[in-house]
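Asker: Got a structure for you, questions after.
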Amino acid sequence: MAKRGKKYMEALKKVDKTKLYSPREAIELLKELSYANFDETVEVHIRLGVDPRHSDQQVRGVVQLPHGLGKKIKVLVFAQGEAERIAKEAGADYAGGDEYIKKIEKDGWLDFDVALATPDMMPKIGKLGKILGRRGLMPNPKAGTLVKAEDLPKVIEEARKGRVEFKMDRTAIIHVPIGKLSFDTDKLLANLAALIDSVLRAKPPGAKGQYIKSITITSTMGPGLKLDLKEALSLPSAIMV
């Protein structure tokens, strides 16, 4: 395990490891403890009570963060012909087919945050599965990133505004950024509420017992704060209309 710096250890002293924090309290404490000389990303880690080994217990989905991620999102669209033209006119940073497939496959190019594709491109980009899949960038219908040409403008716009894909890892934990530490507390709370609501909606048919086991919130350089689960799960109904 990497040795933590002096500033991190000082911040850690102010954290009560036995306490379950309310979402608002946790966000405000992260702000108070911040010592980095850059705008840190706020991250949420949700531990689920499902077994990743079973196909009927897989958890993945998409959340539209109402206040975005606080950074410019670069969008790549795998498309050709009319769909490529539509993607470019809709503001995609990159749109095309063979040239981008080759760039990723041969050069390891990954200078984008979201990858979309039209259905006719799937046979071509299938070979990129190992490269893009590991990074959660492989277009697929469940994540809403396999898109008909006529729907590209809408999906590209959503991606820019804070459309984030989430997927459970092999230890049954979901890791998702919800914005920057410089965001107002209320904006981070609204993004957190949207994430929790989307994860609850993505509950798989094979899930049994307690679905969400714990929620931890942290920042890029900050300590992890465990949330009071009851308060966290009530956020969507308290904040979202």
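Just so you know, all these numbers are worked out from the coordinates, no wet-lab data involved. These numbers were taken from a predicted model, which means no experiment stands behind them. We place every Cβ from the backbone using ideal geometry, glycine too, and count neighbours over all the protein chains shown.
Asker: Count charges around residue 119 for me, please; just the other residues with Cβ under 15 Å from its Cβ, Lys/Arg as +1, Asp/Glu as -1.
Answerer: -2
Asker: Suppose R0 equals 25 Å; then what is the FRET efficiency for residue 124 and residue 89 from their Cβ-Cβ distance, rounded to the nearest 0.05?
Answerer: Efficiency for this residue pair is about 0.70.
Asker: Given axes a ≥ b ≥ c from the Cα gyration tensor, I'd like to know whether the chain is rounded (a/c under 1.5), prolate (a/b larger than b/c) or oblate.
Answerer: prolate
Asker: Using Cβ counts within 10 Å as a stand-in for footprinting exposure, how do 116, 132, 200 rank, fewest first?
Answerer: Arranged by neighbour count, lowest to highest, 116, 132, 200 become 200, 132, 116.
Asker: So which of 74/106; 72/154; 17/180; 74/102; 7/230 end up more than 27 Å apart, counting from Cα to Cα?
Answerer: Too far apart for the 27 Å limit: 7/230.
Asker: Now for a different question. Taking only DSSP H segments of four or more residues, each worth -39500 (n - 2.57), what value at 222 nm results for the chain once the sum is divided by all its residues, to the nearest 500 deg cm²/dmol?
Answerer: -9000 deg cm²/dmol
Asker: To the nearest 20 debye, what is the magnitude of the charge dipole of region 75-160 about its Cα centre, counting +1 on the Cβ of each Lys and Arg and -1 on the Cβ of each Asp and Glu?
Answerer: 440 debye
Asker: Which order do 134, 60 fall in if you start with the one that has the fewest other Cβ atoms within 10 Å?
Answerer: 134, 60
Asker: Can you order the peptides 158-168, 30-40 by their average number of other Cβ atoms within 10 Å per residue, highest first?
Answerer: So the peptides 158-168, 30-40, ranked by packing, come out 158-168, 30-40.
Asker: Looking at the chain, what % of its DSSP beta bridges pair antiparallel, to the nearest 5?
Answerer: So the antiparallel bridges in the chain amount to around 70 percent.
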